[in-house]
1. Just the number please: accessible area per residue for segment 137-234, 1.4 Å probe, all protein chains included, in Å².
2. Ordering ILE47, ILE238 from largest to smallest accessible area (1.4 angstrom probe), what's the sequence?
3. Taking a ≥ b ≥ c as the square roots of the eigenvalues of the Cα gyration tensor of segment 143-258, is the shape rounded (a/c under 1.5), prolate (a/b larger than b/c) or oblate?
4. Heavy atoms only, 1.4 Å probe, whole protein assembly: order HIS177, HIS86 by accessible area, highest first.
5. Where the accessible area of segment 77-202 is counted over protein heavy atoms with a 1.4 Å probe, how much of it, in %, is carbon and sulfur?
6. Distance between Cα centroids, segment 183-230 to segment 76-133: provide it in whole Å.
7. Compare TYR60, TYR213 by solvent-accessible area with a 1.4 Å probe and give them largest first, with all protein chains kept in place.
8. Can you tell me the accessible area per residue over segment 34-79, all protein chains present, probe 1.4 angstrom, in square angstrom?
Amino acid sequence: MKPRHFIGLLIFGMSGFFIVWHPVAAELNERSRIAIIIDDMGNSLGIGAAAIGLPGNLTYSFLPFALHSRRLALLASRHGKEIMLHAPMQALSDKPMGSGGLTVSLDRNEVVRRFSAQLAAVPGISGVNNHMGSALTRDPIMMGWLMEVLARKPDALYFIDSVTTDHSVAKKVADAHRVPALSRDVFLDHEDSKIRIREQFELLVSIAKRRGYAVAIGHPRVNTLKVLREKLSDLDRIGVELVPVSALLAQYPSPRVFPVKQRKLPVQIAEQKAMEPLKTRQHKPIRIRAIPLKPSVQTANDKIQVREFDLF
């Protein structure tokens, strides 16, 4: 076995210390990978574009009927990013989930109809994760209806359980329907504090180094983007690789990044024209800054209403 496959452990004795090589630990460290999902995308054009400008293989999850979701999803496609649907699902609280959401009171036909509409609303998706959903993801029957829809999709969409409740059965039901699935390990920004976000990022890395991989969820918020720019530049030094979510799933031997020209969903001429302001504007890769837009469009200079995180 090659020397680079070993890792040394120092063992101290009465007469000094000696080294014991541990190949398993080294192999685990070499293949440590993290996937980071930025969800709640689509509400703000400015901060959304800034999030897409982050370096590396981040994955972006879009609310299906948010004002800027389709436009930003197309922008993410042009940056080679992996795209997901952030599917609104009923929570135990009364917090609104947005239009077209899935509730526990719906019958099977309406669940399938609404979920199909959500899937069609965001172009070029590779997978799905739940927005809120602490009520719906604990219901095995309703989750089964959703997984049946995903299982019939020719593109083999995956499902990521955001784990907004300890009683979620989403991953278990996905496995039963042979839908590729993972569960979230870490929320990066449940507390919108740079100190706490850094701590959560370190937790993500520690899980990945122990298990070989880990999945985090964050949001398009100023503090989150600042910390990610800081931390992502340091991944090579600490021996961790940032990959799209699909790269963590055995069913996908290579990341599922689709160029726009290969996507099945056509881009309408009006939408292509709408993309021109974002396509032609250059975003610096290091700084998070506002994008000059028309006064009627919200920008990063506006006061951003940061929502409480949907741990409900």
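The values are calculated or read from the model by the stated rules, or taken from the named source; none is laboratory data. Please read all numbers here as calculations on a predicted model, not as lab measurements. What goes into the accessible areas is simple: the full protein's heavy atoms, side chains included, and nothing from ligands, DNA or RNA. Shrake-Rupley method; radii C 1.70, N 1.55, O 1.52, S 1.80 Å.
1. On the way: 4230 Å² over 98 residues.
Accessible area per residue: 43 Å².
2. Details: ILE47 5, ILE238 40 Å².
So, going from the largest accessible area down, we get ILE238, ILE47.
3. On the way: a/c = 2.16, a/b = 1.64, b/c = 1.32.
Cα axes put segment 143-258 in the prolate bin.
4. Values: HIS177 60, HIS86 5 Å².
From most exposed to least exposed: HIS177, HIS86.
5. Values: 2600 of 5180 Å².
For segment 77-202, the apolar C and S fraction of the accessible surface comes to 50 percent.
6. 23 Å
7. Values: TYR60 0, TYR213 75 Å².
These residues rank, largest area first, as TYR213, TYR60.
8. Details: 1000 Å² over 46 residues.
Computed with neighbouring chains in place, this is 22 Å² per residue.
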